[in-house]
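Participant: This is the structure I want to talk about, given as structure tokens.
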Amino acid sequence: MTTKRLKIERMGYGPEAIAHDADGKTVFVTGGVPGDTVEAETDAEEARFSRAHVTTVLEDSPDRVTPPCPFVDVCGGCPWAHLSYEAQLAAKRSGVVDALTRLGGFSAEDAEALVAPIVAPGEPWGYRNKVELAPIHQNGKFSLGMHGRDPQQVIRVDKCPLFEKKYPKAL
């Protein structure tokens, strides 16, 4: 595994942010926010890209926030939680524009014109009314938990800020 110093450029499609290493190779980074300068440990090296995870945030992005969930760094439920809500909305719109340009063959100007500004659907937390739980059997007991960032991991949580306010206890 290699440690790299990276400047996070933007969010990708999914849980990872995108950066380029000193050689110009694309790095998909878990735990980064656009504008962060980080140290990241490489998890996988491919010919055209790498995958890495943040080990240290050296310089915070102005869009980095402290999420209300103590499980955010281990649970896989809200991978963009360290990104401000306004920046999340902008990143989601940018992702659609990028897909239209890169995959759809639209010019950048046409793609920008086609995609309207995102209308925020409501509060950034407390909106979810459905969740997929994973079973876990530990020490002779059966319980349910959230899928972790590591696919083999199940995280037992006592509450989740994504759940609707009328469901304060998650598990």
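The values are calculated or read from the model by the stated rules, or taken from the named source; none is laboratory data. Keep in mind it's a predicted model, so treat the numbers as computed, not measured. We place every Cβ from the backbone using ideal geometry, glycine too, and count neighbours over all the protein chains shown. Ligands, DNA and RNA are excluded from the accessible area calculation, which covers all protein heavy atoms including side chains. Shrake-Rupley method; radii C 1.70, N 1.55, O 1.52, S 1.80 Å.
Participant: Is it true that some residue in the stretch 79-88 is without any contact (Cβ under 8 Å) to a residue 12 or more places away in the chain, among the hydroxyl-bearing types (Ser, Thr, Tyr) and either assigned to a helix (DSSP H, G or I) or open to solvent by 50 Å² or more (accessible area, probe 1.4 Å) (or both)?
Facilitator: Checked the stretch 79-88: no residue is without any contact (Cβ under 8 Å) to a residue 12 or more places away in the chain, among the hydroxyl-bearing types (Ser, Thr, Tyr) and either assigned to a helix (DSSP H, G or I) or open to solvent by 50 Å² or more (accessible area, probe 1.4 Å) (or both).
Participant: Identify, from the list 98, 150, 158, the residue that is within 19 Å of residue 15 (Cβ to Cβ), assigned to a loop (DSSP other than H, G, I, E, B) and of a type in the set (D, E, K, R).
Facilitator: Unique residue meeting the criteria: 150.
Participant: Looking only at residues in the stretch 119-134 that are open to solvent by less than 70 Å² (accessible area, probe 1.4 Å) and of a type in the set (A, V, I, L, M), which one is farthest from residue 160 (Cα to Cα)?
Facilitator: Checked the stretch 119-134; the qualifying residue farthest from residue 160 (Cα to Cα) is 120.
Participant: Given the options 21, 63, name the one that is over 19 Å from residue 123 (Cβ atoms), open to solvent by 20 Å² or more (accessible area, probe 1.4 Å) and acidic (Asp, Glu).
Facilitator: 21
For (1) in contact with a Cys (Cβ under 8 Å, 6 or more places away or on another chain); (2) of a type in the set (Gly, Ala, Ser), each residue gets a yes or a no:
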{"residue": "72", "(1), (2)": "yes, no"}
{"residue": "83", "(1), (2)": "no, no"}
{"residue": "89", "(1), (2)": "no, no"}
{"residue": "95", "(1), (2)": "no, yes"}
{"residue": "98", "(1), (2)": "no, no"}
{"residue": "106", "(1), (2)": "no, no"}
{"residue": "110", "(1), (2)": "no, no"}
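Participant: Moving to a separate point now. Would you mention how many residues in the stretch 93-112 are in contact with a helix residue (DSSP H, G or I) (Cβ under 7 Å, 6 or more places away or on another chain) and surrounded by 14 or more Cβ atoms within 10 Å (Cβ to Cβ)?
Facilitator: The total comes to 6.
Participant: Kindly provide the set of residues from the stretch 135-147 that are assigned to a strand (DSSP E or B) and either open to solvent by 50 Å² or more (accessible area, probe 1.4 Å) or touching a helix residue (DSSP H, G or I) at 6+ places or on another chain (Cβ under 9 Å) (or both), ordered by number.
Facilitator: Result: 135, 137, 138, 141, 142, 144, 147.
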